Amino acid sequence: MKQSLQLRTSQHLALTPQLQQSIRLLQLSTLELHQELEQLLTDNPLLERLDDPLDHSLRLLGDGAINQQAPAGDAPAEGPPGEAPAAEADNYEAPGADTESTTPDADIDWGDAGRSKNSDDEDARPQLEAHHCTLRDHLMEQMRVTVLEMRDRALVELIIDALDENGYLEEALEEIHARLPEELEVEIEELQTALKLLQSFDPMGVGARNAAECLAIQIKRLPGVPLVTRRMALAIVENHLTWFAQRDFNKLKKALLCDDEDLREAQTVIRQCNPHPGAAFASDVSDYVVPDVIVKKSRNGWQVSLNNDVMPRLRVNAMYANLLKQGKGEGAMGAQLQEAKWLIKNMRQRFDTILRVAQAIVERQKNFFSHGAVAMRPLVLREIADTLGLHESTISRVTTQKYMLTPHGMFELKYFFGSHVATEAGGEASSTAIRALIVQLTGAEDPKNPLSDSKIADMLGEQGMVIARRTVAKYREALKIPPVSLRKSL
């Protein structure tokens, strides 16, 4: 085949740096956005942030606890947060300085004479979080008080270091004994004595080797329990814990030769115990969700607004911008100026897109805001994308890790999207609404005769929702609702 050169004209979409930044900012969560912004502010001296998240968090500590004063020359810019003021984004004029106010001598608090209002004194500093007490620290403190011999302390500390986060000793004493050097001449009986001593510490049940031993230790130490009931509870956790977990009360009554009343009293005692005694000392950090949009009821219906607390206020540094206009800046500063203007524009576009998507969701889910999750209608990403003239992938980025504060609680925007289930009338019901109905039905059921998955499917069918038993089981498991055998009580 003969080779030749040909010219063809074609069009293709090129991801410019500005478009790439816009896509990246759109898919970031609020926390990731502020982390990205801090890095950009560090790298680009022409970019300034008018609001200080640290100052805002300090003001939340208490009214009047911190007296903050804006520095001269940093007057708040006009316009909504996240947008560059016209004078700054286009003309880059320096803002005017604030006028200083004078205080009459009669209003001076002489008790604070010599102290600046903005000084970093102890009263103006935020209170630091107290040191977290771990399970090991709590047990070591008790050991120092109760154990006097250094050898016994070393053995108890050895077992403490072998506990897991729930306070269980998963490693056998024989294995711990095998790891000890022979020259220490430690007997296995000494480790058993140290373990018994540890099991007498607080919290009750610490040092247990399994759930049955953990519950038995607590039952023995619970005050005010009748002797007969205590013995029956011990017999259940030591010999029939599997039946008790499966709520097989008939087998328990036959094995213990008791009636419903005796078994109910023993069950009450067991439920007072904590199967994870060390969990209270876990150092899990709570994740706080900040809403991106807020929905409120007004006379004209449901109104959607952006959360101003998560919207950064940005502008271009006026001094550097004036130097560039006068031709005194370096070539690199010109590129940084363009990057700053891109960021301000992309930030404005990000919040505008989030607001538009949230408004479209609220418009289609009015029944949810008025009546709750049972009134949720089916909704897919394509429906919102076609309404707003955006791509489906853009809607997916907007609704991921973006949250809406409603009168019914805090929800991720993806919560309002769900598949549909056919109804007998030929319509559609949202899977979210069906889950809410399952929660209502199981919450109002008789504990002695709970509803099976087939019965729930039949009850939903009576309301016109055609749903199979296995679908009910799938939704129930997703809601973390136990099966019918585990929901039954005496």
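How long is segment 330-410 along each principal axis, judged by its Cα atoms, biggest number first, in Å?
For segment 330-410, the Cα spread along each principal axis is 62, 26, 17 Å.
Can you compute log10 of I(q)/I(0) for segment 271-366 with the Debye formula, treating each Cα as one identical point scatterer, at q = 0.10 Å⁻¹?
Summing over Cα pairs of segment 271-366 leads to -0.59.
Using the Cα atoms as the points, what is the convex hull volume per residue of segment 156-283 in Å³?
Value for segment 156-283: 120 Å³ per residue.
If the limit is 29 Å between Cα atoms, which of 254/448; 366/474; 196/253; 345/366; 220/488 go over it?
196/253; 345/366
Determine, from the Cβ-Cβ distance of residue 8 and residue 158 and an R0 of 51 Å, the FRET efficiency 1/(1 + (r/R0)^6), rounded to the nearest 0.05.
It comes to 0.10.
Tell me, what is the FRET efficiency for residue 202 and residue 290 to the nearest 0.05, using R0 = 51 angstrom and their Cβ-Cβ distance as r?
The formula returns an efficiency of 0.85 here.
Starting from the exponent 0.38 and prefactor 2.2 Å, build the expected Rg for segment 148-228 from its residue count and divide its actual Cα Rg by it.
Numbers: Rg = 13.9 Å, N = 81, 2.2 N^0.38 = 11.7 Å.
Relative to the rule-of-thumb radius for its length, segment 148-228 sits at 1.19.
What is the Cα radius of gyration of segment 257-310 over 2.2 N^0.38 Å, N being its residue count?
Here the Cα radius of gyration is 2.42 times the empirical estimate.
If you project the alpha carbons of segment 207-358 onto the principal axes, what extent comes out on each, in Å, largest first?
96, 47, 26 Å, listed from the longest principal axis down.
When Lys and Arg each count +1 and Asp and Glu each count -1, what net charge do the other residues less than 14 Å away from residue 304, Cβ to Cβ, add up to? Could you put the intermediate results ahead of the total?
Details: positive: 296, 297, 356, 364, 366, 402; negative: 292, 352, 363.
Net charge around residue 304: +3.
DSSP loop chymotrypsin sites (Phe, Trp or Tyr not before Pro) in segment 230-326 with at most 15 other Cβ atoms within 10 Å of their Cβ, which ones? List each step's numbers first, then the result.
Numbers: sites: 243, 244, 249, 281, 288, 302, 320; in loops: 288.
In loop regions of segment 230-326 (DSSP not H, G, I, E or B), the sparsely surrounded chymotrypsin sites (Phe, Trp or Tyr not before Pro) are 288.
Relative to the compact-globule scaling 2.2 N^0.38 Å, provide the ratio for the alpha-carbon radius of gyration of segment 437-484. Could you put the intermediate results ahead of the total?
Working: Rg = 9.9 Å, N = 48, 2.2 N^0.38 = 9.6 Å.
Output field value: 1.03.
Just to be sure I follow: if Rg is taken over the C-alpha atoms of segment 374-482 and Rh is the Kirkwood radius over the same atoms, what is Rg/Rh?
Reported Rg/Rh, Kirkwood definition of Rh: 1.03.
Quick note: the coordinates plus some simple rules give every number you see, no bench work behind them. Note that this is a predicted model, so its numbers are computed, not measured. Using ideal geometry, Cβ is built from the backbone for each residue, glycine included, and neighbour counts are taken over all protein chains shown.
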